[in-house]
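Following: one structure in structure tokens, then a few remarks.
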Amino acid sequence: MKKYKWGILAPGKMSAKFTKGLKLLKNTELYAVGSRDLKRARLFASDYGFEKYYGSYEELASDKSLEIVYIASPHSYHHEHTMLCLRNGKNVICEKAFALNAKEVKEMVIEAKKQNVFLMEALWPPFQPFYKKANEILKSGILGKIVHLDGYFSFIPPYHPDDRKFNLALGGGSLLDIGIYPVIDALTFLGVPSDIKATAIFGDTGSEESLSVIFSYQDGRMASLYSSFRTNIGIGCEIYCEKGNLTVTRGRDMNQKVILELHGSEKQEFVFNPPAMGYHWEGEEVMKCLDKGLIESPVVPLSFSLDLIKTLDRIRKAAGIVFPGRD
Ligand SMILES: NC(=O)c1ccc[n+]([C@@H]2O[C@H](COP(=O)([O-])OP(=O)(O)OC[C@H]3O[C@@H](n4cnc5c(N)ncnc54)[C@H](OP(=O)(O)O)[C@@H]3O)[C@@H](O)[C@H]2O)c1
């Protein structure tokens with residue numbers, strides 16, 4: 001079994017969770033950490049058992065032995081940091097949102113192909129048992145056709161204007177942080193919409209803090225999507241179909257539930273509690289693809305990431321959400 005040397009670029013909160021997932025996999029070697037600050041890199045390396053640490057992302061990316069880099073910097077840096085790693089010939093898995101706009105994602109895709117290295121957006125839902133279960137139920141036809149999807153993700157985080165969630169220069173706002181999940185639900189279960197309407201509420205930093213979106217489809221299906229840092233509704237989607245409804249939901253600890261309710265029948269619940277919050281499956285996918293000589297994942301193909309970012313751009317245009325200098 002080939003073991004892969006992993007590097008972490010930007011050792012923040014999400015990198016800690018992802019690393020706990022990597023630790024479950026037998027073919028990973030926790031190799032190097034790169035931070036803007038050498039002390040933070042050293043601390044993360046010693047906390048999680050990485051062999052090497054660097055005080056800059058450039059040093060990490062240019063390490064000749066490093067094979068795969070996981071990038072978890074703020075959204076506004078994903079394009080720059082992914083390009084840095086790709087140009088150094090590294091395989092990359094980069095956190096959502098993949099970049100700030102479609103132009104940036106297209107450049108990343110072109111560079112990965114030019115360098116002939118692996119690139120994938122770190123999308124959690126497609127690897128999870130509850131998502132697979134929901135897809136299986138919908139595809140079985142038992143519920144008939146989907147009529148409406150109601151997707152939501154909201155919670156109230158501690159407020160600080162410099163926090164990446166609120167700082168516009170870091171790609172702040174609910175859309176790229178949490179609103180992306182209801183958008184993924186709609187793209188996965190319904191496809192790319194023909195029309196998008198959206199309204200946003202902006203906070204003191206100029207970033208959007210609440211967002212309502214309506215997708216419509218030519219065949220009459222619709223989706224209403226909501227994300228917010230001002231309410232605490234939870235995470236999930238209700239899928240209303242001709243013969244019943246499906247609830248696809250998860251807690252903030254990532255425990256997962258699918259509830260099937262056929263008209264006139266008892267509810268059926270399916271509950272999943274994956275280890276390491278299910279983050280290990282994304283790392284496993286990168287290595288499975290590399291073992292097979294693939295530079296793109298069939299589970300999260302780059303075409304899906306392009307559809308996703310183009311849809312996010314359309315939502316931003318409809319709601320008036322602008323990242324200054326990056327549109
Ligand atoms: N898939 C999921 O379930 C999930 C969940 C949460 C977050 N995420 C994603 O993960 C990414 C990181 O989120 P996070 O919550 O881990 O953020 P975080 O805790 O704020 O960490 C971000 C890291 O980026 C680095 N960084 C580089 N430039 C920075 C700048 N100008 N300002 C602040 N930090 C900067 C910092 O590391 P150094 O300075 O040490 O290099 C920092 O620790 C985001 O893309 C987010 O959407 C995904």
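The values are calculated or read from the model by the stated rules, or taken from the named source; none is laboratory data. Nothing here was measured: the structure is a model prediction, and the numbers come from that model. Glycine also receives a Cβ, built like all others from the backbone with ideal geometry; neighbour counts cover every protein chain displayed. Note: accessible area is taken over every heavy atom of the protein model, side chains too, but ligands, DNA and RNA are not part of it. Shrake-Rupley method; radii C 1.70, N 1.55, O 1.52, S 1.80 Å.
Miscellaneous remarks
- Most fluctuating residue given options E80, E284, E111, as computed from a GNM of the chain linking Cα atoms under 10 Å: E80
- Over the range 55-156, volume per residue of the alpha carbon convex hull, in Å³: 169
- Size of the range 4-120 from its Cα atoms: along the principal axes, largest to smallest, the extents are 37, 25, 25 Å.
- Anisotropy class of the range 270-325 from Cα gyration tensor, a/c 1.5 cut: oblate
- In Hz, Karplus ³J(HN,Hα) per residue of the range 105-113 (6.51, -1.76, 1.60; θ = phi - 60°; x = Gly, Pro): 5, 4, 4, 5, 5, 4, 5, 4, 5
- Per-residue HN-Hα couplings for the range 133-147 [Karplus 6.51, -1.76, 1.60; θ = phi - 60°; Hz; x = Gly/Pro]: 4, 4, 4, 4, 5, 5, 6, 5, x, 4, 8, x, 7, 6, 9
- Filter on K132/K257; K96/K257; K103/K197; K26/K132; K3/K23 - keep pairs with C-alpha separation over 20 Å: K96/K257; K103/K197; K26/K132
- Mean Cα-pair separation over length for the range 4-120, i.e. relative contact order, pairs under 8 Å, 6 or more apart, %: 24
- Amide H within-cut-off set for Y53, under 5 Å, with H built and near neighbours excluded: V33
- The accessible-area ordering, largest first, of the residues E58, E285 stands as E58, E285, per a 1.4 angstrom probe.
- Kirkwood hydrodynamic radius of the range 185-327, from inverse mean 1/r over distinct Cα pairs, in Å: 18.0
- Per-residue SASA remark: K106, around 100 Å² accessible (1.4 Å probe; ligands, DNA and RNA not included).
- If you take the Cα centroid of the range 246-290 and the Cα centroid of the range 189-235, the two points sit 22 Å apart.
- Looking at the chain, the DSSP beta bridges with both ends there are about 60 percent antiparallel.
- Cα gyration tensor shape of the chain, rounded if a/c is under 1.5, else prolate or oblate by comparing a/b with b/c: prolate
- Neighbourhood net charge (10 Å Cβ-Cβ; Lys/Arg +1, Asp/Glu -1) for G151: -3
- Averaged over its residues, the range 66-123 has an accessible area of 29 Å² per residue, based on protein heavy atoms and a 1.4 Å probe.
- In percent, rounded to a whole number, the relative contact order of the chain is 19, using alpha-carbon pairs under 8 Å and six or more apart.
- The helix-only estimate of mean residue ellipticity at 222 nm for the chain, built from DSSP H runs of length n ≥ 4 each weighted as -39500 (n - 2.57), is -9500 deg cm²/dmol after division by the residue total.
- Accessible carbon and sulfur surface of the chain relative to its total accessible area, %, 1.4 Å: 52
- Couplings 3J(HN,Hα) of the range 5-15, computed from phi: 8, 9, x, 10, 9, 6, x, x, 5, 5, 4 Hz, in residue order, whole Hz [Karplus 6.51 cos²θ - 1.76 cosθ + 1.60, θ = phi - 60°; x for Gly and Pro].
- Counting DSSP beta bridges with both ends in the range 4-120, the antiparallel % (nearest 5): 0
- Taken as Cα centroids, the range 1-61 and the range 110-142 sit 24 Å apart, rounded to the nearest whole angstrom.
- Listed residues E67, E242 arranged by accessible area, highest first, probe 1.4 Å: E242, E67
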